[in-house]
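Have a look at the structure below, then the notes.
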């Protein structure tokens with residue numbers, strides 16, 4: 001499990017983008033449910049940031065859904081950029097701190 005520090009706005013934007021995504025079949029619905037559950041469980045919070053544990057499978061599924069989402073305008077593209085930066089910058093990767 002990798003650990004990530006995500007702001008409330010990043011999590012909110014993720015939820016908005018996931019809401020726009022269409023699921024095809026039971027496996028995709030289950031993958032989406034697992035992503036949402038992971039984003040609702042924090043293991044630590046400070047200031048405007050919360051810390052989440054995301055497995056490689058959840059991260060991979062999240063990227064698949066983000067790839068399918070339609071983005072509208074500069075705000076969406078900026079939000080996507082912030083999301084991708086946060087998800088490519090774990091604070092701890094498989095129990096090893098990232099410097």
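Identify the residue in the range 76-99 that is modelled with pLDDT of 90 or more and outside any helix (DSSP H, G or I) and, among all such residues, is surrounded by the most Cβ atoms within 10 Å (Cβ to Cβ). Reasoning before the result, please.
So the first thing to find is which residues in the range 76-99 are modelled with pLDDT of 90 or more, and the list is 76-91.
Now drop any that are not outside any helix (DSSP H, G or I), which leaves 88-91.
Values: 88: 9, 89: 10, 90: 19, 91: 15.
Of everything passing the filter in the range 76-99, 90 is surrounded by the most Cβ atoms within 10 Å (Cβ to Cβ).
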Across the range 38-63, what is the total count of residues that are within 11 Å of the chain's Cα centre (by Cα) and assigned to a helix (DSSP H, G or I)? 9
Considering only residues of the range 37-75 that are surrounded by 16 or more Cβ atoms within 10 Å (Cβ to Cβ), out of contact with any strand residue (DSSP E or B) (no Cβ under 7 Å at 6 or more places or on another chain) and without any contact (Cβ under 8 Å) to a residue 40 or more places away in the chain, which is nearest to residue 91 (Cα to Cα)? 58
Breaking point among (1) under 23 Å from residue 93 (Cβ atoms); (2) in a helix (DSSP H, G or I); (3) touching a residue at least 40 places away in the same chain (Cβ under 8 Å); (4) in contact with a helix residue (DSSP H, G or I) (Cβ under 6 Å, 6 or more places away or on another chain), for residue 31: (3)
Where residue 24 falls short, out of the listed (1) out of contact with any helix residue (DSSP H, G or I) (no Cβ under 6 Å at 6 or more places or on another chain); (2) over 18 Å from residue 71 (Cβ atoms); (3) surrounded by 12 or more Cβ atoms within 10 Å (Cβ to Cβ): (3)
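Mind checking which residues of the range 17-28 are over 11 Å from the mean Cα position of the chain (by Cα) and in contact (Cβ under 8 Å) with a residue 24 or more places away in the chain?
Narrowing the range 17-28 to residues over 11 Å from the mean Cα position of the chain (by Cα): 19-28.
Scanning the range 17-28 gives 20, 21, 22.
The values are calculated or read from the model by the stated rules, or taken from the named source; none is laboratory data. Quick caveat: nothing in here was measured; it's all calculated off a predicted structure. A quick note on method: Cβ atoms are made from the backbone with ideal geometry, for glycine too, and the neighbour counts reach across all protein chains shown.
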